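So the structure is just underneath, and the comments pick up after that.
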Amino acid sequence: MTPYTATGRPEVRWPAARRALADRPALTLGGILVLLLAATDAVSPGFVTPHQLSTTLLYAAPLGALAAGQTLAMLTGGIDLSVSATATAAAYLIAGLGARGTAQAVAVALALGLAVGMTNGVGIGVCRVQPLIMTLGMAGVLGGALTLASLTFTNGVPVVPDAVHQLGSGTVLGYLPLDTLVWAPLAIALLAGLARSGLGRAIYAVGDNPLACRLAGIRVWQVLLLTYVLGGVLSAIAGILLVGYTNAADLNLATPYLLQSVAAVVIGGTSILGGSGGYGGTILGALILTVLDSLLTILNVSQAGKQMLYGAIVLGLAWIYARAAPAE
Amino acid sequence: MGRHPMPAVNLLEVRGVSKRYGAVVALRSASLTVAAGEVHALLGANGAGKSTLVKILTGVIRPDAGTIEMSGRPVRFASPASAPRAGLAAVFQDPSLVPDLTVRQNLRLTGADPAGVRRWLAAMDLGVDEDDLAGDLPLPLLRILDLARALAREPRLLILDEITAALPADLVERVFHVIRRWRAQGRSVLFISHRLVEVRTICDRATVLRDGADVGTLVLAERAEQQIVALMLGPMAASPEALRPAGPGAGTRPDAAVRDRAGGASAAPLLLEARGLAVSGALRGVSLSLRAGEIVGVAALEGQGQDALFDCLAGNRRADAGEIRVAGRTLAPRTPYDAIRAGVVLVPADRVHALLPQRSVRENIALPLYNRAARWGPIDLRDEGARAGAAIARLAIDTRAQRQVRRMSGGNQQKVVVARWLAAGFRVMLCFDPTRGIDVGTKRQIHRLLRDLAAAGAAVLLFTSELPEIPLVCDRVLALYEGRVVRELPARAADEATLLRVVHGLAREEPPG
Amino acid sequence: MTGPPAPGAAGRRPIAALRAVRRSAWTVAIVGLLGALLAVEKLVHPTLNVFDMQSLVDGALPLCLAAMAQTAVVLSGGIDLSVGPMMSLVNVVSALLMTHATNGQAVLIALGLMAVAAAAGALTGAVIVATGVPDIIVTLATGFVWGGLALHIMPIPGGAAPAGFAALMTGELGSVPSGLVVILAALAILWEPVHRSPAGLALYAVGSNRAAAYLSGVAVGRARVTAYAMGGAFAALGGFALTASTTNGNAAAGTSYTLTSVAATVLGGVSLAGGRGGMIGPVAAALLLTLINTLLTFEGVDPNFSLVVQGAIVVLVVMVAGLVLVRRRGA
């Protein structure tokens, strides 16, 4: 027997868009991306060039990595509000330790991501704290710690290692951004992992029904722990790519990316309630957001305006997806 | 509609009501007539559309087409709040009391008259502390409170959706007593239940739904069950042949032959032993043993410790005392995982607890395959497909809605839960009321499957709330009463009358061993 | 005020009072802890007035009001991530409108803005109810809209507030800190009437078990919208507290209050699942968090470090509370 629905759902309008998104999200999102590119090209003739597309990929890679962690968290029915704080912290470590050697700086930055993810994972998986609270608190702790750290860093000169700077802003073969070369293998691993690995199955399952997982012998805490650890490391990678691009760390480096990471996931069709969606949609979501950002910049929209528009877009798309879900 | 003589006054008249969810038709065209002063049963297999019709009658959902009339006047319900105004009150399958409010606040929430509620509770010989949080009360009492609250509204038509499902037998009697009083006052009841015996006991007429449409209304007389079952199954599925599972070697043995095997199991190895299992407030030293090839039934009224017993054996709860041995080895499961590793698997009471509603049939069946970190690497898709395919075939699961199990019927969902363990493998299966709320055809399939599993060397512990199932499926039966095994019987001797006596704690005997 | 009011003859039996204490044990503990900490400080630093109620309440007022905004929503089973940006927006708009206003005009402006904020909250709630999109997503999005709007209105800090209006919220009324009066007035005028009405019961019911509430005939949508409207009104008060204490407007002033309002709500014993808790606990928790901050700062700890400590306390408390719950369930 199906449980009674708590609210009478209004009749569905926009049946075409609804069905298109429900049945072929990738195709629909791809279509939106192409439309956006065409619109940008119409506003600013000559936008669709290999050079501009390369720049789009370059911008999209850090967001793509950040949104990857967010996707994993949301697939398990959680949310990670510490992704941008983790990325900023990683960026800070790279700049602060850059003088001591690239490898060391990168290793410490990744270790920080691991530690943050581990703490989140223990809180959420073992202590059963709500993901929202845990990661919001973690973001608070990281934010405060960064403010403290920024005071000590002013003594030395922060240097972003050249290799990281190259990775975050350089290209090979003329147009292929180096950070895309970091993002692409990550993306492939995530896509394959979610679809065809035991862990991927477990992540979807935990998001869909944790009790069923327990009764089937899956230790939910292990899945959640690993999910948030992966999220922490992915956020750190995003921070490294980001600081490589900006070539300098500041306290709000990744702050605007928090909503964007959620937006990319929501646009990509992953439900915050967990158990359905995937990283493929998120990739398209990140690309759509990046092209949209270019378009808005060309149209001279202020930061405040962009922020409001992103809020509206997240709301609108989440609405369409909510309607696309079956009425039961 | 049936062509039986209609009573003069029709209280409720439903004509051609339909409802679809996207592509899924939940109700094709249902009609139903309830006369004043009548207890009318609404019957049908799972997925026949009973729940949908009830939801429409109570304003939970709105129909796509059709008309509803009360005493000849058309009515239209926008929400559950509007149904009572038309003289309709319902007791839903799920308790509708808010857990964090006290009973008193719950009554105020619905504008129920507390004095009326107290009166009806008294009529059932029950009382409740109105300052208790609803969430602290046991489920059967919550159902009764729901009923009293509905009765206190003095509706003309009372809708009872599976009210007896969670009630122990003595409470069922008291509910029936109240229903009879209600009818004597010239008021009506629409009674929805899977238990045909109850339907025959309390109802005057019955309307049967099949595939979203009404297929007949009949006056209930002695021996009406056969007729009802035939209507529910329809012409295609009526022959027993069609109910047999499609798997190799399955369903070839008639039930009688199965039961004859029962005596021969004593030489088989012991698979599961429990000694003195205790859980405070639930279990007081339960011992049992299961041999390979054996199905042992557990018979009990609601709340006699059977939940705790199954949870302890499945590792979902830790016993305060006692020992569990699986195939001779001690097992002290901290989580279900430990029990599953030892080969003890659980089919839980509520399939909602066991399923991944948004995932496919295949992912649901394959779930236990990935329950340890060592299996979190790449999936062997061919192996997974073969295991899932074999389990689907053996249980004859209808895979038309396989992309998301939430779109499947209840019976099919239950089969998916069982199929999971066929694919993963096990030694001992703990089945907690696996046939509750599912249709007759699927019930028979599950009975046969359990016998087949036992024949193949597994052991099955089966709790069922339907006592007639026990002689049909089990070899032995343990009667549980107040957290103790009060009696052990061979299944052949466990006719319903005997079982009813022992589960009520009558005819007590020291448990053997 | 913890838990919905029980009508009729409570305390008919001696058990009733005991039961009330047990059901709000967490609130009692938090209030007790706050009292103990204050007492200890009085003993250790008898001559210092840094710790007097006046400055404590002034510092804690925005957080107290933010926590009340969050609590109203959380009790109904939701969560409002737009509390902070809403406070920023109200802060910015009020500072802009009050720049040349008299005290009387300022109060009128405040009342008007409160109505607008309540309407904005109701709109958020209505969007959540109508679309079926989870609260987190909707309020995250509206939060960005409010924040963007605040930044658009006032890209750099500016505006002003008349001194009388500032004193109304952060001064002293007699010997009582006026902040305390504001909180009590907000509870008495805004919260209690709703709380004691059927609408308040519905709000708790919807938070406790939405399906059961719906089946009981509760207008679920209306109750949730009410909660968000209450949240909007409290957030507006929080915005005024910011305006009064800084006497200017700053689009970033409210940012941190989203996190801290959730923290105070959780520490205040309100179940994030909804339906359980009251307003006293979160207000006490907000005072407690502020007090700890003040103490650390006074002991010479860097203010930024106390931010870390505050975050860490919240994380630790929820983790330990979670662990205790898990162990109790496991046993």
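What is the antiparallel percent of DSSP beta bridges lying wholly in the stretch B:242-503, to the nearest 5?
Details: 21 of 38 bridges.
Just about 55 percent of them are antiparallel.
Positive-end ranking of B:Val477, B:Thr498, B:Val347 along the dipole of the stretch B:242-503, with charges on Cβ about the Cα centre, is headed by B:Val347. When the Cα positions of B:Leu167, B:Gly111, B:His40 are compared along the charge dipole of chain B, B:His40 comes out farthest toward the positive end, with charges on each C-beta of Lys, Arg, Asp and Glu. Charging the Cβ of each Asp and Glu at -1 and of each Lys and Arg at +1, and nothing else, the dipole of chain C about its Cα centre rounds to 1500 debye. Between B:Ala456 and B:Arg334, the contour length at 0.36 nm per residue exceeds the alpha carbon distance by 41.0 nm.
Toward the positive end of the charge dipole of the stretch A:169-328, with +1 on the Cβ of Lys and Arg and -1 on the Cβ of Asp and Glu, the farthest Cα among A:Ser197, A:Thr297, A:Val265 is that of A:Ser197. Mean partner shielding of peptide A:216-229, defined as the number of other chain Cβ atoms within 10 Å of each residue Cβ, is 5. Please report, ordered by residue number, every helix of chain A (full DSSP H runs) that is 24 Å or longer along its axis going by C-alpha atoms and whose mean Kyte-Doolittle hydropathy reaches 1.0. Membrane-span-like by this criterion, though nothing is claimed about a membrane: A:25-43, A:102-121, A:131-153, A:178-196, A:220-246, A:279-298. Estimated from the Cβ-Cβ distance and a Förster radius of 30 angstrom, the FRET efficiency linking C:Ala39 and C:Phe305 is about 0.75. Across the stretch C:252-288, no residue has a backbone nitrogen under 11 Å from the label position 7 Å along the beta-carbon direction of C:Leu184. Within the straight-line cut-off of under 21 Å between alpha carbons, the lysines reachable from B:Lys443 are B:Lys50, B:Lys415, sequence neighbours fewer than 8 places apart in one chain being disregarded. Scanning chain B for long hydrophobic helices, with DSSP H runs required to stretch 15 angstrom or more by C-alpha along their axis and to average at least 1.0 on the Kyte-Doolittle scale, returns B:139-152. If contacts are Cα pairs under 8 angstrom and at least 6 residues apart, what is the relative contact order of the stretch C:48-315 in percent? Once normalised by length, the contact order is 39 percent.
Neighbour counts of other C-beta atoms within 10 Å: give me B:Arg444, C:Arg23 arranged from fewest to most.
Working: B:Arg444 18, C:Arg23 15.
With the fewest neighbours first, B:Arg444, C:Arg23 line up as C:Arg23, B:Arg444.
Once you reduce the stretch B:347-405 and the stretch B:437-469 to the center of their Cα atoms, the two points are 20 Å from each other. Here r is the Cβ-Cβ distance between B:Arg325 and B:Glu482 and R0 is 25 Å; the resulting FRET efficiency, rounded to 0.05, is 0.50. Once both labels are positioned 7 Å from their Cα atoms along Cα-to-Cβ, the gap between C:Thr297 and B:Ala373 label points is 4.4 nm. Mean separation of Cα pairs under 8 Å and 6 or more residues apart, divided by the residue count, gives the stretch B:353-413 a relative contact order of 52 percent.
Peptides B:166-175, C:287-296 ranked from most to least packed, by the mean per-residue count of other Cβ atoms within 10 Å: C:287-296, B:166-175.
About its Cα centre, the stretch B:10-238 has a charge dipole of approximately 820 debye under the convention of +1 per Lys or Arg Cβ and -1 per Asp or Glu Cβ, with nothing else charged. The magnitude of the dipole of the stretch A:194-328, with charges of +1 and -1 set on the Cβ of Lys/Arg and Asp/Glu and taken from the Cα centre, is near 320 debye. Antiparallel beta bridges, as assigned by DSSP with both residues in the protein assembly as shown, represent about 60 percent of the total such bridges. A simple spin-label model places the labels of A:Leu211 and B:Ala221 4.5 nm from each other, with each point 7 Å out along Cα-to-Cβ. Normalised by the number of residues in the stretch B:10-238, the average gap of Cα pairs under 8 Å and 6 or more apart makes the relative contact order 28 percent.
Of the residues C:Pro85, C:Pro157, C:Pro282, the one that moves most in a GNM of chain C with alpha-carbon contacts below 10 Å is C:Pro157. By the count of neighbouring beta-carbon atoms within 10 Å, fewest first, B:Lys415, B:Lys19 end up ordered B:Lys19, B:Lys415.
Note on B:376-387: average number of Cβ atoms from other chains within 10 Å of each residue's Cβ is 3. Put a dot 7 Å past the Cα of C:Ala273, heading toward its Cβ, do the same for A:Leu148, and the two dots end up 3.5 nm apart.
Summing -39500 (n - 2.57) over the DSSP H runs of n ≥ 4 in the protein assembly as shown and dividing by its residue number, what mean residue ellipticity at 222 nm do you reach, to the nearest 500 deg cm²/dmol?
On the way: 45 runs with 637 residues, N = 1172.
After summing the helix terms and dividing by residue count, I get -17500 deg cm²/dmol.
Readers should treat all values here as calculations from the given coordinates under stated rules, not as data from a laboratory. Owing to the predicted nature of the structure, the values given are computational and were not obtained by experimental measurement. All Cβ positions, glycine included, derive from the backbone under ideal geometry; neighbour counts span all protein chains shown.
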